[in-house]
1. Based on what the data block shows, is residue 174 among the hydrophobic types (A, V, I, L, M, F, W, C), part of a loop (DSSP other than H, G, I, E, B), open to solvent by 20 Å² or more (accessible area, probe 1.4 Å) and in contact (Cβ under 8 Å) with a residue 60 or more places away in the chain?
2. For residue 275, work out the one condition from (1) open to solvent by 20 Å² or more (accessible area, probe 1.4 Å); (2) of a type outside the set (Gly, Ala, Ser); (3) assigned to a helix (DSSP H, G or I) it doesn't fulfil.
3. Given the options 309, 257, 292, name the one that is in contact with a Cys (Cβ under 8 Å, 6 or more places away or on another chain), among the aromatic types (Phe, Trp, Tyr) and either within 20 Å of residue 366 (Cα to Cα) or not in a helix (DSSP H, G or I) (or both).
4. Is one or more of the residues making up region 130-141 β-branched (Val, Ile, Thr) and over 21 Å from residue 92 (Cβ atoms)?
5. Limited to region 435-461, what total is found for residues that are farther than 16 Å from residue 16 by Cβ and either part of a helix (DSSP H, G or I) or among the aliphatic types (A, V, I, L, M) (or both)?
6. Just give me the residues in region 1-22 being of a type outside the set (Val, Ile, Thr) and either over 20 Å from residue 61 (Cα atoms) or open to solvent by 10 Å² or more (accessible area, probe 1.4 Å) (or both), in sequence order.
7. Counting only residues that are open to solvent by 40 Å² or more (accessible area, probe 1.4 Å) and in contact with a Gly (Cβ under 8 Å, 6 or more places away or on another chain), which one in region 312-329 is farthest from residue 171 (Cα to Cα)?
8. If you take the residues in region 291-311 that are among the acidic types (Asp, Glu) and without any contact (Cβ under 8 Å) to a residue 40 or more places away in the chain, which one is surrounded by the fewest Cβ atoms within 10 Å (Cβ to Cβ)?
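The values are calculated or read from the model by the stated rules, or taken from the named source; none is laboratory data. These numbers come from a predicted model, not from an experiment. Neighbour counts are summed over all protein chains in view; Cβ atoms, including those assigned to glycine, are modelled from backbone coordinates with ideal geometry. Side chains are part of the model used for accessible areas, which takes the heavy atoms of the whole protein and leaves out ligands, DNA and RNA. Shrake-Rupley method; radii C 1.70, N 1.55, O 1.52, S 1.80 Å.
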Amino acid sequence: TYFYGTFPEDFTWGVSSSAYQVEGGWDADGKGPSIWDNFTHVPGNIVNNENGDIACDSYNKVEEDIYLLRALGVKNYRFSLSWPRIFPSGRNNSINSHGVDYYNRLIDGLVANNITPIVTLYHWDLPQALQDIGGWESNALIDLFDSYADFCFQTFGDRVKFWITLNEPQVIAWAGYGSGELPPNVNDPGSAPYRVAHILLKAHAKVYHTYDDKYRASQGGVIALCPNIDWVEPKTPSNPRDIEAADRYLQFLVGWFTHPIFKNGDYPEVMKWKVGNRSELQNLPSSRLPVFTAEEREYIRGTADVFCFNTYTSKIVTHATTRLTPFSYEHDREVVTEVDSSWPSSAITDHRAVAWGLRRLLNWIKEEYGNPPIYIIENGVGIKTYWDVDDSTRIFYYKTYIDEALKAYKLDGVNLRGYNAWSFMDNFEWLNGYETRFGLHQVDFANPNRPRTPKHSAVYYAEIIRNNGIPLPKEDE
C-alpha cells in the first residue's frame, strides 16, 4: 500500500554520476590515463568493446548539464573528481590546470544555480601511474590519496561542503582485488581484499583527519565514505541460523567498513572470528584479516560525519557450510544468497526491484549505528535498451523505493536527510558498456553531440522533488 506524506523542509533531493562514466575527454588537455582507460582499451573486456573515451562528453558540456539539473529542480548534484585529470601522475608534482579549471566551472555553475555539489574524491578511476606501484595494495597510497584530497579541499572546499572519500570500498576491495572482474583485475580472493580494505580504511581516516585539522574550521563541510549495501532477508525468519546469516552477510558487506568508522575503530566481531577461525583451520600462521593497532583503531573511529550509502536491491540469505579451499572472502561469510523469482528483474543480474527492502535496511542502519543522519547517494534501476524515453518501469521503481524511504522517515523515525537517484543520465555502465541504461535523461551515444533527452522518469522525479515527497493526491484530501 502507498503511504502518502512529505519529507522535512531541508531534505535534499539530487541525482548522481561519476567521472569515468560521464566525462569522456579521457586524454584531453593533459589528463593522465586511469586504470579504467587502460582496461576498456583492451578488446573483449567490455560489452561491444565500448569505453569511456567520450562517454556523455560532460567534459565539454558543463552548461548543458547544469541546465538539465536546474530543470529537474534538484537541490544537489553528486559527481566525482577524476584523480588523473587533476594529477596526471597521481602525485601533486604534476597538477593539470585544465582539469582543475573544468571542475571549477562545474562547481561555480552549480553554486550559481543553488545546487549543492556533493563531491566524491575516488570513484574507481585510479591513476595508472599509481597502479604501477601496486595500487591499493600499497601502503604508499595512504599518503598519496591524502595529498590528492588535501589539494581538492584547498582548491574546491570554499564552495564544496559535502565530501565523499571512497565510493563503494567493498567493490574496490572485492571486485578489484578478489574476484578480479574490475580493474586492476587482481584475482586473489582469500587475502588481497582484506589487505586492500585495511589500506582503504586508513586512507579514508587520514583524509578525514586532514579535513578536520586543516579545513573544517574555515570551510564547515561534512565528510563521509559511501558503501554499497544490499538488504538481505533471512530465508526462514524463525530460524536463528538464518537470522545470524543475514547479519553476518551485512557485517561482511558493510560492517567491514562502517563498524570501524561508526562503532569502535575495529572490524565486526563476526568477521574477526570467522576469518580468524577459518585461517587457523587452513593452517595459516595468522588470520587473513589484518589487525589494527590500538592507535589505528582510535584514529579510524568516528571518521564520518554522516552515513552515506548506495543501494539497488535485496536478496534472501541462508546459513551455509562453505569449503575451506580455495581461500575466499566469499566462503568466509558462510552464507548462500538467492532471489525471489517474483521480484521484478532488471538489466543487471540479481538487481531485482525489492522496494520494501529499503525500509528494512534504513531501520537496520538506524539500529546498528545509533540513528546517524543518513543519505541515500545512489538508487535506481538499469534497463537493457538503447532507447527508453518512455520508461514506466523506472517510474514505478522510483515511486515504490521513495515511498518506502518515506515510511522509514515518517513511521520509523529514521534520520533520513537526502535521496539521490542514480543516475542523472545514461552513461558508461562499467562492464556493461552503454546498453544498460540507468539515466533519468537519455543520451544518444550514436550522435557525436551526445544530445540529452529527459525521460518520463525525469518528469516524474521533478514532480517528487517539487512536492518534497508523495503528498496525498488533491482529489483524495
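1. So residue 174 fails the test.
2. (1)
3. The unique qualifying residue is 309.
4. No, region 130-141 has no match at all.
5. Going through region 435-461 one residue at a time, the tally reaches 4.
6. 2, 3, 4, 5, 7, 8, 9, 10, 11, 13, 20
7. 326
8. 295
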